[in-house]
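Inspection log for the structure reproduced underneath, given as structure tokens.
The values are calculated or read from the model by the stated rules, or taken from the named source; none is laboratory data. None of these values were measured; they are calculated from a predicted model. Virtual Cβ from ideal backbone geometry, glycine too; neighbours counted across all protein chains shown. With ligands, DNA and RNA removed, areas are computed over all heavy atoms of the protein, side chains included. Shrake-Rupley method; radii C 1.70, N 1.55, O 1.52, S 1.80 Å.
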Amino acid sequence: MLSPGAELSSESDKSADGSTDPSIEHDDISISTSPVLPHVDASEIGPANLSLSGVTKRFPLGRNDTVLALDDISLDIAPGEFVALLGPSGCGKSTVLRLLCGLEEPTGGDVRIRGCHPSELVADHRLGVAFQDHALLPWATVADNVALPFKVAGQPVDNDRVRSLLELVGIAEFAKARPKQLSGGMRQRVSIARALALRPEVLLLDEPFGALDAVTRRRMNLELQDIWSTDQITTVLVTHSVEEAVFLADRVVVMTGRPGRIQTIRTPGFERPRSPELLRSPEFHELVDELTIALDEEPA
Amino acid sequence: MSMRDRLRTMGLGAFGLLLVIVSWEVIGRNQLLGRTFPALSDVLATIVDPARRGLFQRALEATIGSALRGFVFGSIIGFAMAALGVIFPPLRAGLDRLAAVMHAVPLIALGPFLIVTLSREGTPTAIATLAVVFNVFVATSAGLRVGNPLHHDVLTVLGAGSWERFRRLELPGALPFIADGLKLAAPAAVIGAILGEWFGAPRGIGIVIVSSLQNYQIDLLWSAALLGAMLSLVAFGAFSVLERWVVGRFR
Amino acid sequence: MTAALGGARTFASRYWGVLGILAIWQVYVSTQNLNSIVVPSPTAVFADVLTEPGAYLPHVWSTTWVAFVGLCVGVTLGIAVAVLSWLSPLLSGIVTPPAMVFRSVPVVAMIPVIARLLGYDIRTVLAITVIISFFPSFVFTLSGLRDLPAGSADVFSVLGSSRLTYLRRLALPSAVPNLLVAIRLSAANCVLAALVAEFLMGTQGLGYLFVRTRSEMDMARSWGAALVATVLSVSAFVLAARLEQWGRERWR
């Protein structure tokens with residue numbers, strides 16, 4: 001890893017003009033019918049705030065049956081905040097993330113990013129996302145994978161940006177390699193670099209390190225903290241690891257399942273940047289234990 | 001898939017098939033593609049024409065007989081070759097290449113040779129056999145080789161001998177593959193029989209096709225071709241059903 | 001020396017079956033005392049191919065060319081119809097069931113019908129090879145367009161991809177390995193179907209050479225044509241299999 005910030009600060013003024021042009025490639029997957037707000041030059045916008053108010057989500061189950069996946073989820077996330085959604089598998093935390101991506105529509109309630117429907121940010125290419133499946137294109141090189149968001153947005157590829165992202169996530173020497181030649185950890189680094197390519201307003205991470213071993217995972221957590229602190233982008237991390245959530249997040253939202261509800265929200269107020277020593281401190285362990293117990297509690 | 005989606009899929013598919021049938025009729029009726037493209041109704045009328053019933057019946061009997069015999073012989077030979085490759089692994093590479101080359105030999109080249117060495121009657125069966133051998137051999141050897149090593153170990157630990165293992169593990173594991181091979185082999189047997197008849201078998205669908213081609217009997221040509229196609233579709237359909245059952249039962 | 005011996009052993013272990021057939025053929029011809037007009041010996045056939053390659057070459061070229069052009073046209077049509085079906089679920093729903101039916105129709109047995117329709121010439125041969133390669137390409141490409149790397153569809157959605165970008169940068173590249181499977185399946189079949197068509201009505205090509213020389217009682221040449229045709233269809237298969245393997249390495 002390199003010193004955070006050094007590469008990016010010199011980059012931020014370069015791509016300021018190459019941002020969204022409303023005339024190019026409008027998204028036709030968009031689900032929104034609300035009037036599209038005037039498009040704003042993205043470089044003038046800081047990190048966005050997110051809000052979920054009274055969100056419910058039902059999935060069809062068989063012919064006339066539905067299952068309630070999310071029940072009355074309300075959550076406000078401040079610009080630049082790092083929030084972890086923590087819960088057992090099947091608690092609906094990934095559904096929350098998919099709602100924020102615009103991949104799902106809520107059955108009830110409202111999902112807003114910077115006051116807009118998520119599909120509007122999608123249409124403007126303002127969201128960054130990384131999944132547990134790295135979802136890299138196997139036929140493209142690492143550099144081409146990171147450059148993909150530019151191509152999808154119909155923008156000229158900013159090669160300096162791609163290079164500095166590869167340096168940021170520590171895989172610059174593998175730029176010409178293809179995903180299958182990389183280890184699982186390196187693939188996730190590429191996936192995160194890709195998510196950051198267009199300087200998104202929101203970074204959405206769904207168990208990005210879920211398939212990695214414990215040691216690699218801890219190292220990736222440190223690197224993710226560095227990446228996040230370079231431009232304090234609003235980040236939502238879905239995870240089932242209590243340690244990961246407590247180490248990285250400003251706020252940890254604990255969810256319980258069937259139906260998915262917010263059980264409690266904790267604020268690990270540890271000073272940043274957080275170092276590996278924190279992982280061995282009693283305060284850290286106290287909070288981890290407390291949240292582990294909260295996770296084990298049966299919902300009332 | 002919901003009930004509505006399923007109905008929609010079925011409706012669209014039925015519409016597509018109907019479209020083919022209607023365009024066939026319209027093109028033929030108005031001779032849009034010339035005099036050699038008859039309307040479907042004329043072709044069907046020729047098939048059910050009582051005057052032709054005897055001809056078609058004899059031809060179908062001959063072709064079905066050759067295809068069936070070829071299917072049975074070919075399946076036995078293909079299965080035996082695959083089993084040989086599993087029992088004596090050193091032979092495997094040579095068997096693979098032999099099957100590939102046999103498949104690549106143009107059947108038209110074999111026809112004249114078979115007529116000389118076998119007989120006019122035997123040639124359709126022989127060519128159908130060859131067409132079947134390849135499909136069954138490839139599918140069976142692929143199936144016998146997939147055996148899950150974990151299951152293999154479990155049975156070995158339980159003290160199963162190699163025959164017992166073959167019977168309880170390798171053979172049931174290979175059955176879905178064999179069923180898939182038989183599904184592809186069934187229409188191959190029909191094509192093989194028809195091709196074989198072209199070289200001068202006394203009767204059969206292939207003979208009707210060739211003689212009506214030479215005598216410019218368009219309706220008869222299309223009727224025979226349609227019957228041949230139906231035969232291979234029915235063979236394919238029947239073995240698709242069998243395959244589905246086997247896959248459901250053994251996988 | 002040992003290397004040569006090892007090489008010979010590998011060769012024998014791979015080709016014992018093919019060599020065995022050739023040996024049986026030779027022994028059969030010698031012992032049965034057959035007239036060479038009925039069945040020529042393999043040595044006579046090989047000798048004819050090797051001493052007079054000029055008699056074969058124009059026909060090899062003709063068959064190869066027809067099979068190759070037919071394959072290219074059929075594959076291109078297959079991709080085009082698959083992409084159109086991918087773009088329109090309505091079209092896909094209408095086209096797929098008839099395509100499944102036609103795919104199982106024995107095309108080679110339909111050659112006489114097509115010959116009557118298009119005429120006794122190269123157009124029929126070409127049409128057969130196009131039909132032979134169209135259906136696998138269509139079916140495999142269509143399934144390939146939907147067989148995407150895990151999670152990539154969601155990534156493209158969130159990145160705000162247009163449907164065209166999605167097709168160009170995700171679905172089409174994903175379909176390449178599947179398409180190559182279709183080409184592997186059709187390549188040898190195209191050659192074989194071209195031979196049958198030439199056999200029945202051609203004016204050139206190896207299938208035609210086979211019939212013509214047989215009627216002239218030049219059996220060594222006739223069997224030579226069959227031998228060369230076998231080599232041609234094996235080569236087509238091997239080349240297509242290599243291409244498929246390369247594609248799988250490169251795209252997966």
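Some observations on this one:
- Close pairs from the range A:258-287: first of a type in the set (A, V, I, L, M), partner part of a loop (DSSP other than H, G, I, E, B) and open to solvent by less than 100 Å² (accessible area, probe 1.4 Å), Cβ under 7 Å, at least 6 apart: A:L278/A:F270; A:L287/A:P268
- Single residue of A:T267, A:T216 found to be modelled with pLDDT of 85 or more, over 14 Å from the mean Cα position of the chain (by Cα), farther than 28 Å from A:N159 by Cβ and surrounded by fewer than 24 Cβ atoms within 10 Å (Cβ to Cβ): A:T267
- Residue in the range C:79-104 that is surrounded by the fewest Cβ atoms within 10 Å (Cβ to Cβ), counting only those that are more than 14 Å from every other protein chain (Cβ to nearest Cβ) and of a type in the set (G, A, S): C:A80
- Selected residue [away from every other protein chain (no Cβ under 14 Å) and free of Cβ contacts under 8 Å to residues at least 60 places away in the same chain] from B:V105, B:V48, B:V86: B:V48
- In the range C:106-131, residue modelled with the lowest pLDDT [restricted to those that are buried (at least 24 other Cβ atoms within 10 Å of the Cβ) and farther than 19 Å from B:A224 by Cα]: C:V125
- Residue match in the range B:189-203 (condition: open to solvent by 50 Å² or more (accessible area, probe 1.4 Å) and in a helix (DSSP H, G or I)): no
- Failed item, numbered, when A:R258 is tested on (1) assigned to a helix (DSSP H, G or I); (2) within 30 Å of A:T56 (Cβ to Cβ); (3) open to solvent by 50 Å² or more (accessible area, probe 1.4 Å): (1)
- Residues satisfying the stated conditions in the range C:230-248, i.e. surrounded by fewer than 21 Cβ atoms within 10 Å (Cβ to Cβ) and in contact with a Ser or Thr (Cβ under 7 Å, 6 or more places away or on another chain): none
- Search result, residues across the range C:142-156 that are buried (at least 21 other Cβ atoms within 10 Å of the Cβ) and facing chain A (nearest Cβ under 7 Å): C:S152, C:V155, C:F156
- Unmet criterion (only one of (1) over 23 Å from B:G94 (Cβ atoms); (2) of a type outside the set (D, E); (3) within 14 Å of another protein chain (Cβ to nearest Cβ); (4) open to solvent by 50 Å² or more (accessible area, probe 1.4 Å)) for C:R9: (1)
- Check on B:I207, in a helix (DSSP H, G or I), more than 9 Å from chain C (Cβ to nearest Cβ), open to solvent by 30 Å² or more (accessible area, probe 1.4 Å) and of a type outside the set (G, A, S): yes
- A:L85 in a strand (DSSP E or B), within 16 Å of the chain's Cα centre (by Cα) and surrounded by 20 or more Cβ atoms within 10 Å (Cβ to Cβ): yes
- Residue identified as closer than 17 Å to A:N49 by Cβ, in contact (Cβ under 8 Å) with a residue 40 or more places away in the chain and in contact with a helix residue (DSSP H, G or I) (Cβ under 6 Å, 6 or more places away or on another chain) among A:T239, A:T230, A:T235: A:T235
- Within the set A:V157, A:V162, A:V146, the sole residue that is assigned to a loop (DSSP other than H, G, I, E, B) and over 15 Å from C:S161 (Cβ atoms) turns out to be A:V157.
- Taking (1) at the interface with chain C (Cβ under 7 Å from one of its Cβ atoms); (2) open to solvent by less than 10 Å² (accessible area, probe 1.4 Å); (3) not in a loop (DSSP other than H, G, I, E, B) in turn, A:L137 satisfies each apart from (3).
- Matching residues in the range A:44-82 - criterion: being basic (K, R) and either open to solvent by 40 Å² or more (accessible area, probe 1.4 Å) or within 25 Å of A:L224 (Cα to Cα) (or both): A:R58, A:R63
- Unique match (being open to solvent by 40 Å² or more (accessible area, probe 1.4 Å), more than 14 Å from chain B (Cβ to nearest Cβ) and modelled with pLDDT of 95 or more) among C:T43, C:T76: C:T76
- Qualifying residue in the range A:230-237 (condition: among the aliphatic types (A, V, I, L, M), over 26 Å from A:P79 (Cα atoms) and open to solvent by less than 60 Å² (accessible area, probe 1.4 Å)): no
- Residue identified as open to solvent by 60 Å² or more (accessible area, probe 1.4 Å), touching a residue at least 24 places away in the same chain (Cβ under 8 Å) and either assigned to a helix (DSSP H, G or I) or away from chain C (no Cβ under 14 Å) (or both) among B:R69, B:R8: B:R69
- Within the range A:244-255, the set of residues being in contact with a helix residue (DSSP H, G or I) (Cβ under 9 Å, 6 or more places away or on another chain) and either over 20 Å from A:L70 (Cβ atoms) or part of a loop (DSSP other than H, G, I, E, B) (or both) comprises A:E244, A:V246, A:F247, A:L248.
- Test for C:L179: is it surrounded by 22 or more Cβ atoms within 10 Å (Cβ to Cβ), out of contact with any strand residue (DSSP E or B) (no Cβ under 9 Å at 6 or more places or on another chain), in contact (Cβ under 8 Å) with a residue 40 or more places away in the chain and within 14 Å of chain A (Cβ to nearest Cβ): yes
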